[in-house]
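Worksheet: one structure, shown below.
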There are 4 protein chains.
Amino acid sequence: MKRQIAVLGASGYAGGELIRLVDDHPDMELAYLGAHTKAGATLGAVHPHLRGADRELGPLDPAAVRGVDLAFLALPHGASAEPAMALLARGVKVADLGSDFRLDSVDRYEAAYGAPHPYPAELGKWPYGLPEFFGKHLVGADRAAVPGCYPTSALLALGPLFAEGLLEGGPFVVDSVSGVSGAGRGAKESLMFGAIDEGVAAYGVLTHRHRPEMEQGLAAVGTTEPRVMFTPHLVPMQRGILSTCYAPVAAGVTEMDVSAAFRTWYATTPFVDVVSEPPNTRWIVGTNRALVNPHLDTRTRSVVVVAAIDNLLKGAAGQAVQCANLMLGLDETAGLPTAGWMP
Amino acid sequence: MKRQIAVLGASGYAGGELIRLVDDHPDMELAYLGAHTKAGATLGAVHPHLRGADRELGPLDPAAVRGVDLAFLALPHGASAEPAMALLARGVKVADLGSDFRLDSVDRYEAAYGAPHPYPAELGKWPYGLPEFFGKHLVGADRAAVPGCYPTSALLALGPLFAEGLLEGGPFVVDSVSGVSGAGRGAKESLMFGAIDEGVAAYGVLTHRHRPEMEQGLAAVGTTEPRVMFTPHLVPMQRGILSTCYAPVAAGVTEMDVSAAFRTWYATTPFVDVVSEPPNTRWIVGTNRALVNPHLDTRTRSVVVVAAIDNLLKGAAGQAVQCANLMLGLDETAGLPTAGWMP
Amino acid sequence: MKRQIAVLGASGYAGGELIRLVDDHPDMELAYLGAHTKAGATLGAVHPHLRGADRELGPLDPAAVRGVDLAFLALPHGASAEPAMALLARGVKVADLGSDFRLDSVDRYEAAYGAPHPYPAELGKWPYGLPEFFGKHLVGADRAAVPGCYPTSALLALGPLFAEGLLEGGPFVVDSVSGVSGAGRGAKESLMFGAIDEGVAAYGVLTHRHRPEMEQGLAAVGTTEPRVMFTPHLVPMQRGILSTCYAPVAAGVTEMDVSAAFRTWYATTPFVDVVSEPPNTRWIVGTNRALVNPHLDTRTRSVVVVAAIDNLLKGAAGQAVQCANLMLGLDETAGLPTAGWMP
Amino acid sequence: MKRQIAVLGASGYAGGELIRLVDDHPDMELAYLGAHTKAGATLGAVHPHLRGADRELGPLDPAAVRGVDLAFLALPHGASAEPAMALLARGVKVADLGSDFRLDSVDRYEAAYGAPHPYPAELGKWPYGLPEFFGKHLVGADRAAVPGCYPTSALLALGPLFAEGLLEGGPFVVDSVSGVSGAGRGAKESLMFGAIDEGVAAYGVLTHRHRPEMEQGLAAVGTTEPRVMFTPHLVPMQRGILSTCYAPVAAGVTEMDVSAAFRTWYATTPFVDVVSEPPNTRWIVGTNRALVNPHLDTRTRSVVVVAAIDNLLKGAAGQAVQCANLMLGLDETAGLPTAGWMP
């Protein structure tokens, strides 16, 4: 029998992708769709590109979620904690796409968000949902904090090198460009077509909250905690993140060391591939794949590693389903697309 | 009487902008348009958006350029040297938008281009056409090597800090995104709408020839030569470069030092402004302006400086006209737009 | 001395273009900027691409507009009537970019807008600001109703043929695509980058209020009133309207008749050109030009006429300045750009 | 056992989509990939977004196609006839995405293409592959001429009304906008990002070869042959066709008649839906669906019908697979996506 699935936050971009993936999943079935302002609307009115247009969206209320094995939460920051705890208490597994449970300590959380956490005892208890690095903690787990989109790309780019001790010094630089879907679906003047098309800008310089998540993630696979400088940019496209990462290497590190580190970590990962030319995000948009392209600069004794993901799939809904597959004892790859379309 | 101007390489994107700027210039007049494969065509067939559609393009032959005070060369790499020398010999001033005369030594040139220069004695004799830093060498000069688009943005971002001794260590990181016009007008499968739209990719990782130009430019205003890591990316838009630059600061450097350095260098520059929020390239597209936005990261003892220019104007044709104004004894700002349009 | 100009509705897209055009106009000077919700803001905060960033926006209050020769109103539908009448009463000429005074009778107005007009006696008194057809009514006038963007394109395409009696029967079809700036700057989910990019849709099918304006405009140059079917579409670009218009021709009409009609009407118009291949909107974006491209289909005894304009210039702010030039006794072309930029 | 499939013309856009669809098809298996200039390349080099990157492309030679049940031909105009006949002679079914066999008479073919057909006796023998209208001819057939993208949209929009006798007079107008992928993958200056982005233009006005195909298709479902005026436009997006079609209705036709006609024809079609608001192409991009949105204009006694398809799927590769499903006795819907993604 198929696992019964709820999506809370069904009306946003990540919610739409979760619905599409679950609808196509061989072992999952959508049992509940919950939304905030769009509760009461039909799916067709909210996501006209999906099947099952006459399905109705219910409220976000966890008590309305019945007979469900796992719930995906695709909610704004701060809105996940309450429903997550309520669902867990009712025996529903939770994969949270939000940032509420990603940071693993009160100190880190308060430094990033400038406010106390409503459930401080939970921090550190949620496996970080990057299966390539933390898959063993996810198998059978009842909860997972699905990583942010930018940290996913940065950790896939730098994690193997850092874990193998090939990087030292710093700060590391993570310079990312993202399609606009990462900024969400809510109407804002700054995200209008007229404001976005034909222009590029950085935002959140030095202050973006994905930076602590990157440092924590690297620390978790290495032996120290590096400092990261992170600058995200919005570019005029719908989807895709390309992160270009720079880090100094330890003395004596060679091209072979770099290759070996990536081979060690990604030899058997179904969604991450190391490629020999700089990837275009189009190559993986629409899929759960990540492409990683490393370069050793012997002149500056540094690496440049470029990583490409689809911010709504490997950076959100796809990775959440990958986590859920592990949490539910399914095949890690079930229901996840690996071929997109071009052009 | 207006100065008589030639544009060689009239059919490309930079050529089109040169024609538009000279047509609107109060003290310049177009006397000759030269093109390679498009010789014989009318301007209207080549640039349907410009005035004077019935003007005819002549050959690139310098001997056809008569009665001209200054020639702009907007030609592919390697194609400038011969016509430049021929024009200079005939008493025509030359502003070269190409890269033939930018590097200032045989060593640097051969390292970058892997081939000998046809006029090695010329290297080092061409003022580098970044008026904000080297304006005094350009006044009245008979030749100028107009900078590359990426170096213009990187030098405007890091030059003042490096000149004032606020940066040390390194390597510096210059991570740039560019509109596609920077790649030129010639038909290539990789530049088709189908290949570019909705995707982002890095290119020329560690090998782009604008990197030595950045290092040389910084060395020219400082006391040492820094190492730079440079990664350009193409994003799906027509115009604009945004360079996000990272560099470690010397001990004790404060926000006030950073501000003071930019104030010192840009207090009176008509086209460069320091801004307090990350600029969108749209704010300056269509103009000769550059916007620079510095941030000091006390946590990592580094700066992040974001710079925005229009790659075809301040990064090419606009800067060339700015140079030509100085070479011809005109007002530096004559004929150069400072307000664009949105959306 | 320069004519003193006010722009009411300075914060929108058309308002921004009006400011840019007046700033560059040899015979006009901006004396007042008024806005609704953005009153109190600086120009730099509202239009970061313009010069004079420290100019402050005042309220929309006509009483605040002093010492002004002419006011441009770039306000939402229904918001022009009151300030227009107040300004006229104070001796200020008014060029209204809105639709309040375009329709020339109470019947037409009420049919289109389903509500009574606040100043019904004014309807029919406002010259329709399409100088190519109605220029003589605009010279020295104290008021002008600047046409809608779609009607401008449709009337320039079909007007000469209809005026010369070459069209008969019908309905005529006007099928238009527009850049998104035509929908205004206010934040709406339907105009987000995520909603617009990579998709096309029709809107206002059979109900768009520019249709009556087209029929009225044709009737004004012809001897009957044709019926028009009009379908506008939004396409993912910032600017530009392309209208493809279809109409049956009268018996015996030849290619020479078609050519002669356009020659008669556009031989001396400074901004309208008849072209022999289908124009790309890029050729005229950023200018006040219109390109018209007629085809006679002998097989179906119909014409297809394609017309291209920049919806914010010839379709709004540029045409308003063209009208104002005539109203103020200036050269019709003063301050209006005729060369744009590509790419 | 799965049906063995060949794709000739594997390197183009339609070829890439055919490969993706067949790879995901439950009852088909790719047995051969053939290409012209890209023969010898790996699939990964040609379509980096697809799975099975190490598969090699062979030559177009029909003799190389062995053990195959059906071949898709995705070749330029004129290149299909020879391999199609050779494959049929070898017992391989052929679904031709090209235009070689679409027109059903020598007269029609020569009028459209101005040249004799190499196999004139074949004309009229190829079922026209629009399953919604001609499905019964496709079941079990050994050949099919898959319709052009524009005719698919126009016929789905007007076919039911014409078949039911609701339309009369004319000409009918088909005004279409298309994403750029319809123009193919070959490098051309006119299809560069710099030429396409931010602009719209008509092309092939009155001369496009899809017009005769529309007239023939309507004639095949009706009792007369209407005249069509067809204007295609390229808009800056990758995929999607939106056709806005205008036609006069017969006396007495009501809204109910219009609705009934569409209900009659599309009540059970799995891929065509009649919708009540104008569709955005994004709603169906990535799918084999078509959305049709009719409006009756009682004022002009005409209909406007808007139809949206993905030009590479329902307009090419998807429809080809739909045909192949019928030709091979499979379920018509097998392997065809009905949910896309947004944004």
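Structure above, values below:
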quantity: Selected residue (criterion: farthest from residue A:318 (Cα to Cα)) from residues of the stretch A:278-298 that are charged (D, E, K, R) and crowded, with 24+ Cβ neighbours inside 10 Å; calculated: A:282
quantity: Residue A:263 within 13 Å of chain B (Cβ to nearest Cβ), basic (Lys, Arg) and out of contact with any helix residue (DSSP H, G or I) (no Cβ under 8 Å at 6 or more places or on another chain); calculated: no
quantity: Flag for residue C:240 being buried (at least 24 other Cβ atoms within 10 Å of the Cβ) and within 14 Å of chain D (Cβ to nearest Cβ); calculated: yes
quantity: Hits in the stretch A:22-47 - residues which are in contact with a Leu (Cβ under 7 Å, 6 or more places away or on another chain) and over 21 Å from residue C:190 (Cβ atoms); calculated: A:22, A:23, A:27, A:33, A:34
quantity: Evaluation of residue A:119 against (1) assigned by TED's automatic domain parsing to the domain that holds residue A:19; (2) buried (at least 16 other Cβ atoms within 10 Å of the Cβ) (one fails), failing number; calculated: (2)
quantity: Matching helices (runs of 4 or more DSSP H) fully within the stretch D:143-226 where at least 3 residues are facing another protein chain (nearest Cβ under 8 Å) and surrounded by fewer than 24 Cβ atoms within 10 Å (Cβ to Cβ); calculated: none
quantity: Of all residues in the stretch C:299-339 being of a type in the set (Ser, Thr, Tyr) and within 18 Å of residue C:24 (Cα to Cα), the one that is surrounded by the fewest Cβ atoms within 10 Å (Cβ to Cβ); calculated: C:333
quantity: Helices (runs of 4 or more DSSP H) contained entirely in the stretch D:1-103, each with at least 2 residues that are buried (at least 24 other Cβ atoms within 10 Å of the Cβ); calculated: D:13-23, D:81-89
quantity: Matching residues, the stretch D:106-115, being surrounded by fewer than 16 Cβ atoms within 10 Å (Cβ to Cβ) and either modelled with pLDDT of 95 or more or assigned to a helix (DSSP H, G or I) (or both); calculated: D:106, D:107, D:110, D:111
quantity: Qualifying positions in the stretch D:232-260 - in contact (Cβ under 8 Å) with a residue 40 or more places away in the chain and under 15 Å from residue D:304 (Cβ atoms); calculated: D:242, D:243, D:244, D:245, D:246, D:247, D:248, D:249, D:253, D:255, D:258
quantity: Any chance residue B:79 is away from every other protein chain (no Cβ under 14 Å), aliphatic (A, V, I, L, M) and over 22 Å from the mean Cα position of the chain (by Cα); calculated: no
quantity: Inter-residue pairs, beta-carbon under 7 Å, first at positive phi and without any contact (Cβ under 8 Å) to a residue 24 or more places away in the chain and in the stretch B:38-65, second assigned to a loop (DSSP other than H, G, I, E, B) and of a type in the set (A, V, I, L, M), 6+ apart; calculated: B:40/B:57
quantity: Residues (over 19 Å from residue B:336 (Cα atoms), of a type outside the set (Val, Ile, Thr) and within 13 Å of another protein chain (Cβ to nearest Cβ)) located in the stretch B:1-39; calculated: B:11, B:12, B:38
quantity: Among the residues listed as A:141, A:95, A:86, the single one being outside the structural domain of residue A:233 (by TED's automatic domain parsing), more than 15 Å from the chain's Cα centre (by Cα) and in contact (Cβ under 8 Å) with a residue 60 or more places away in the chain; calculated: A:141
quantity: Residue satisfying condition, being closer than 30 Å to residue B:4 by Cα and in contact with a Ser or Thr (Cβ under 6 Å, 6 or more places away or on another chain), within set B:284, B:309; calculated: B:309
quantity: Considering residues of the stretch A:284-336 that are more than 16 Å from the chain's Cα centre (by Cα) and among the basic types (Lys, Arg) only, the residue farthest from the other protein chains (Cβ to nearest Cβ); calculated: A:301
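The values are calculated or read from the model by the stated rules, or taken from the named source; none is laboratory data. Note that the structure is predicted; figures quoted are calculated from it, not measured. Backbone-built Cβ (ideal geometry, glycine too); neighbour counts: all protein chains shown.
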